[in-house]
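Reviewing the structure listed below.
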Amino acid sequence: MIVKKRGKTLEMMRLDALLRRLPESHYKKGTVQNDYKKKISELRGEREVDYPLGFLDDKDYLILHNVRLADVNGYFQIDTLILTEKYILILEVKNWYGTILFGENGQVTRVGDDQKEEGFANPIPQVKTQLHRLQKWIRSRGMPAIPIKFFVVISYPSTIIKSTSPNNIIPNEVIHNSQLFFQIEELSSKLPPSGLRMNQLINLSEQITRCHVPPTENILGKYNLSMDDLIKGVVCPSCMGIPMIRAKRKWFCNKCNHSSVNAHLIALNDYKLLIGDIITNRDSRSFLLIESSHVAKRLLKGANFKAIGSTSKRRYELTLNLNNQSTSL
Ligand SMILES: [Zn+2]
């Protein structure tokens, strides 16, 4: 049973909004575009594991995706966590493609289609650290000890995993996605009962879900950008032209002649994703490119945003979340 979904769409939506609002000529455009592509491929890779996990019996396995927990050292993140009565399983998903070589001293090199070599950190110590932190986290909650196992799952079936010489052994925990279901079944049949019952695991899964801390991302800060770097204005929902012009209580597009009553909501959603939940009348005018504070007030009030503070310092809480802004993958 999937107890916790990935919920990474917000990160994608932020990147999507930033791409839309960053001019083509901006020196950070390429970096943001690359990060966007990487994120898509990362998400696709993670979703590859859904297929084998779909064969696991719902009543025996609790699945939590994208878990981020706090401990004394900060936060640790786990791609997928599976709870079952005999053990807990950590899955670290790698969307590596091409040929992966395990070399001396655990060095990992990827050779791409273009024969270019790229070095990676060995995933085993990384997952072992997660395992150690998770073990401590569970213990600190007064739960009985339960064995924790892990797999590094190579998500793409075409990826070749090799060692550079017979002396360098590919760790047993590194597996292809296609082996995942069988490896889990084998673990489940091999390990002795841990003494933990399903109701205790459900309790643990609820604690984990409750304690999950989504990364609070200040995306402009991350790329060292400010409001000044962004393209302002209301985007035309029909031709994506920007800005639409406010006239006669509507938004008009000069490029395609489309008119819209509520196109500003999409722009305000961009504001929320990129800058924050709170907006003042002045900020809304500079972002939507409107001059009249009365118009701005009418738009903000008309959208039923919660008003905070007195008349002169009134701010509005942008509570909208437009699903049509999410990126389809
Ligand atoms: Zn248009």
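Data overview
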item: Failed criterion for I78 (all others in (1) under 24 Å from E185 (Cα atoms); (2) in contact with a strand residue (DSSP E or B) (Cβ under 6 Å, 6 or more places away or on another chain); (3) assigned to a loop (DSSP other than H, G, I, E, B) hold); result: (3)
item: Single unsatisfied condition, D283 versus (1) away from the ligand (no atom under 16 Å from the Cβ); (2) in a loop (DSSP other than H, G, I, E, B); result: (2)
item: Some residue of region 269-278 being over 26 Å from the mean Cα position of the chain (by Cα), more than 9 Å from the ligand (Cβ to nearest atom) and not assigned by TED's automatic domain parsing to the domain that holds K28; result: no
item: Count of region 173-185 residues which are in contact with a helix residue (DSSP H, G or I) (Cβ under 9 Å, 6 or more places away or on another chain) and either part of a strand (DSSP E or B) or surrounded by fewer than 17 Cβ atoms within 10 Å (Cβ to Cβ) (or both); result: 6
item: Residue list for region 92-151, filter: farther than 22 Å from L64 by Cα and among the aliphatic types (A, V, I, L, M); result: I100, L101, V108, V111, A121
item: Search result, residues across region 232-250 that are in contact (Cβ under 8 Å) with a residue 24 or more places away in the chain and away from the ligand (no atom under 15 Å from the Cβ); result: K232
item: N257 loosely packed, with under 12 Cβ neighbours inside 10 Å and within 16 Å of the ligand (Cβ to nearest atom); result: yes
item: Only one of I169, I100 that is assigned by TED's automatic domain parsing to the domain that holds L56 and either surrounded by 12 or more Cβ atoms within 10 Å (Cβ to Cβ) or aromatic (F, W, Y) (or both); result: I100
item: Residue check for S188: part of a helix (DSSP H, G or I) and either without any contact (Cβ under 8 Å) to a residue 60 or more places away in the chain or closer than 29 Å to T9 by Cβ (or both); result: no
item: Residues being under 24 Å from S25 (Cβ atoms), over 27 Å from the mean Cα position of the chain (by Cα) and not in a loop (DSSP other than H, G, I, E, B) - total across region 205-254; result: 1
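The values are calculated or read from the model by the stated rules, or taken from the named source; none is laboratory data. Given the structure is predicted, the values throughout are model-derived calculations rather than measurements. Because the Cβ atoms are built from the backbone with ideal geometry, glycine has one as well, and the counts that use them run over all protein chains shown.
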